[in-house]
Amino acid sequence: MSGGPMSGGPMSGGSVSGGHEPARDIRPLTLTEALDALPKVELHCHVEGTMRPATVVELATRAGLPLPTTDVTELYTYNSLDEFLTVFWLVQSTLTTRDDWARLGYESVLDAAAHGRVYAELFFTPARHLAAGSALGDIVAGLSEGLAAAETETGSVAMLIADVDRAFGPSAGVAMVEDLVRLRRAGAPGVERVLGVGMDSTERGVDPASFADAYRLAARHGLRRTGHQGENSPPTAIATLVDVLGAERVDHGLSLVDDPELMTRFAAERIPLTVCPNSNIRIANAFPALADHPYPAMRAGGLLATLNTDDPALTDLDLGYEYASVATAFDYSFDDMVAIALDGVTASWLPDDDARALRARIHTAADTLRPRLAASPVYPEG
Ligand SMILES: [Zn+2]
């Protein structure tokens, strides 16, 4: 990928939390601080779900869109998945111009890099915008421009996954993939950042097999494939996503724990799962508390289950917190968490050389952080 978006990126960089080498610091670290600084990968994060509330207010004001409130502390309030989707759609509706997408991409990477994210494959879900007349080429170009600017500033790299929105139906999915293929063929600006396709939005009452045409088309044109499944659908739907749609990765995949046989197969085949424990609690209310989440059962079952934030701005999360809260809830050690970070690299779609370099970088950073952690007094983890 020399000359592409990854060149000069963070894969071989020496710093821990961004592109800038900090002065050597020997201050003792809490586990939370060490996990925040650990270089991490994220594979399940919706770029629209990273929008700062202040940016939503500013873009909405400029576009003349009414908001339920302009109080940035009140904007992201919801009590159910349906209310959450209303807020998500409100955020999406403020994105009207190519520059809006560029700003979103830029701020998104800046905010994630501040918590040790060095590489991401970010979802964007353009169905609503395409239906309203936006051009996919403008969205991709704008996003890529913003991601590139933030990459230059922080060294944190973000690639893109174009998600099919199930709510818009199978033919809209095919049309989006066709659009994407056309942009790739034309070498359109920024399209080199789009690695593949995914699928999100409601799972209930939707047969994933009905989206097979879009996935077949994506595969035929060399696009990678993932999909949201198993958050609100049974293990059979996860099997369909992989076996019928040819998905290489599964986003969420929680219901696998209900089918031990399928779980054993996924573990043996090392099919990656992008799990978002805090999001499952804050958005879907699927579990009363982190301690009730099946993440440890997934790890113990040998699944390649990575950690991700899903919609961090909308849920007041960051990837450092995701790691720290999971470590605390399940009594994982620093090295357990390093193993999860390394699994993030394995689950990614990075080319082999970049993956190898990033793994080495995580090991090096972990070796630097570990002694500072061991030397620190015991802090209560809050
Ligand atoms: Zn998601």
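So which of G222, G198, G190, G227 is farther than 12 Å from A247 by Cβ, open to solvent by less than 50 Å² (accessible area, probe 1.4 Å) and modelled with pLDDT of 95 or more?
Only one candidate passes the filter, namely G190.
Here's the yes/no breakdown for (1) within 12 Å of the ligand (Cβ to nearest atom); (2) within 30 Å of L110 (Cβ to Cβ); (3) of a type in the set (F, W, Y); (4) touching a residue at least 60 places away in the same chain (Cβ under 8 Å):
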residue: F211; (1), (2), (3), (4): no, no, yes, no
residue: L223; (1), (2), (3), (4): no, yes, no, no
residue: G230; (1), (2), (3), (4): yes, no, no, no
residue: V250; (1), (2), (3), (4): yes, yes, no, no
residue: G302; (1), (2), (3), (4): no, no, no, no
residue: P312; (1), (2), (3), (4): yes, yes, no, yes
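Out of everything in region 261-274 that is part of a helix (DSSP H, G or I) and within 17 Å of D343 (Cβ to Cβ), what residue ends up being farthest from the ligand (Cβ to nearest atom)?
Here the answer is A268.
Please pick out the residue among A148, A141, A135 that is open to solvent by 30 Å² or more (accessible area, probe 1.4 Å) and in contact (Cβ under 8 Å) with a residue 12 or more places away in the chain.
So the residue among A148, A141, A135 that is open to solvent by 30 Å² or more (accessible area, probe 1.4 Å) and in contact (Cβ under 8 Å) with a residue 12 or more places away in the chain is A148.
Take the residues of region 42-56 that are aliphatic (A, V, I, L, M) and within 16 Å of the ligand (Cβ to nearest atom): which is nearest to P272 (Cα to Cα)?
Per the criteria, the residue is L43.
The values are calculated or read from the model by the stated rules, or taken from the named source; none is laboratory data. All values derive from a computational prediction rather than experimental measurement. Every residue, glycine among them, receives a Cβ derived from its backbone with ideal geometry; neighbour counts consider all protein chains shown. What goes into the accessible areas is simple: the full protein's heavy atoms, side chains included, and nothing from ligands, DNA or RNA. Shrake-Rupley method; radii C 1.70, N 1.55, O 1.52, S 1.80 Å.
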